[in-house]
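Peer 1: Input: one structure, supplied below.
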């Protein structure tokens, strides 16, 4: 983590991520894809459907191998790179046939290390193994929900889940949210913890930097007029005048359960997260 001297009001309190451990090479051109962002607006009408999103600098998408297309084929880490589309770092792998792939880099992975995707392999950071062959107490990330569908859970910087128990056909995992859930034991997961754990201490420092990230200004509801927000109106600074906070559409905005009770994966939750 980089700490800046308070040379300006924006620098005071600003922190940055240390990229000195990453490779100096450019991104792998064959694994880059251009895509047009239309964040926050409906494709049909062009109207704003999600507030405070839009703009930002242009960036190319890195094709990440979240699944395991090459089984039992060892690969060498030839670069560690920054990905503007995610908080964790990525690693560039090269196989014996010179094919290259990007993966989510685990913490403490170094250039020159060897990783493998296999049903059963050595319990080392970066190796991707089936959950049924991972010992209890091991930390994993980039976890599949359905066998062969690719990693869907625990992919952000510094996150990891812990293997708690093995049951008939399922493995109990303690998620970063403290939720305990069952995952089919045939699913794959990567050993270790996602890289860049210091991202949680990152402070943007100024509004201009947020605009570059595609975050538009967030205006308080109490500063608006009654026609624009339920919290708006009144002479001077006033309380919201309601029993509970509301969204601009009038829905509850605090302490409301948002999870769909009919979601198919709800039956796999053993213990809800701690509030």
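The values are calculated or read from the model by the stated rules, or taken from the named source; none is laboratory data. Please read these numbers as outputs of a predicted model, since none were measured by experiment. Glycine gets a Cβ as well: all are built from the backbone with ideal geometry, and neighbour counts include every protein chain shown.
Peer 1: Please state which of the following conditions residue 126 fails to meet, knowing it meets all the rest: (1) surrounded by fewer than 23 Cβ atoms within 10 Å (Cβ to Cβ); (2) out of contact with any helix residue (DSSP H, G or I) (no Cβ under 6 Å at 6 or more places or on another chain).
Peer 2: (1)
Peer 1: Given the conditions (1) modelled with pLDDT of 95 or more; (2) farther than 28 Å from residue 214 by Cα; (3) touching a helix residue (DSSP H, G or I) at 6+ places or on another chain (Cβ under 7 Å), which single one is not true for residue 135?
Peer 2: If we test residue 135 against (1) modelled with pLDDT of 95 or more; (2) farther than 28 Å from residue 214 by Cα; (3) touching a helix residue (DSSP H, G or I) at 6+ places or on another chain (Cβ under 7 Å), just (3) comes out false.
Peer 1: Considering each residue of region 21-40, count those that are under 22 Å from the mean Cα position of the chain (by Cα), on the phi < 0 side of the Ramachandran plot and not in a helix (DSSP H, G or I), and give that number.
Peer 2: Matching residues across region 21-40 total 13.
Peer 1: Check whether at least one residue in region 75-82 is part of a loop (DSSP other than H, G, I, E, B) and either modelled with pLDDT of 95 or more or surrounded by 15 or more Cβ atoms within 10 Å (Cβ to Cβ) (or both), and report yes or no. Please lay out each step first, then the result.
Peer 2: As a first pass, look at region 75-82 and keep what is part of a loop (DSSP other than H, G, I, E, B): 82.
Subset that is either modelled with pLDDT of 95 or more or surrounded by 15 or more Cβ atoms within 10 Å (Cβ to Cβ) (or both): 82.
The answer is yes; a qualifying residue exists.
Peer 1: Among (1) within 18 Å of residue 154 (Cα to Cα); (2) in contact (Cβ under 8 Å) with a residue 60 or more places away in the chain; (3) touching a strand residue (DSSP E or B) at 6+ places or on another chain (Cβ under 7 Å); (4) in a loop (DSSP other than H, G, I, E, B), which single condition is residue 87 missing?
Peer 2: Among (1) within 18 Å of residue 154 (Cα to Cα); (2) in contact (Cβ under 8 Å) with a residue 60 or more places away in the chain; (3) touching a strand residue (DSSP E or B) at 6+ places or on another chain (Cβ under 7 Å); (4) in a loop (DSSP other than H, G, I, E, B), the lone unmet condition for residue 87 is (3).
Peer 1: Got a number for residues in region 100-109 being in a loop (DSSP other than H, G, I, E, B) and either buried (at least 19 other Cβ atoms within 10 Å of the Cβ) or modelled with pLDDT of 95 or more (or both)?
Peer 2: Residues that pass the stated criteria total 3.
Peer 1: Here's a follow-up. Tell me, which residue of region 173-187 that is part of a loop (DSSP other than H, G, I, E, B) and touching a helix residue (DSSP H, G or I) at 6+ places or on another chain (Cβ under 8 Å) is surrounded by the most Cβ atoms within 10 Å (Cβ to Cβ)?
Peer 2: Restricting attention to region 173-187, the residues satisfying the condition of being part of a loop (DSSP other than H, G, I, E, B) are 175-179, 185-187.
Now restrict to residues that are touching a helix residue (DSSP H, G or I) at 6+ places or on another chain (Cβ under 8 Å): 185-187.
On the way: 185: 17, 186: 16, 187: 23.
Restricting to residues being part of a loop (DSSP other than H, G, I, E, B) and touching a helix residue (DSSP H, G or I) at 6+ places or on another chain (Cβ under 8 Å), the top hit is 187.
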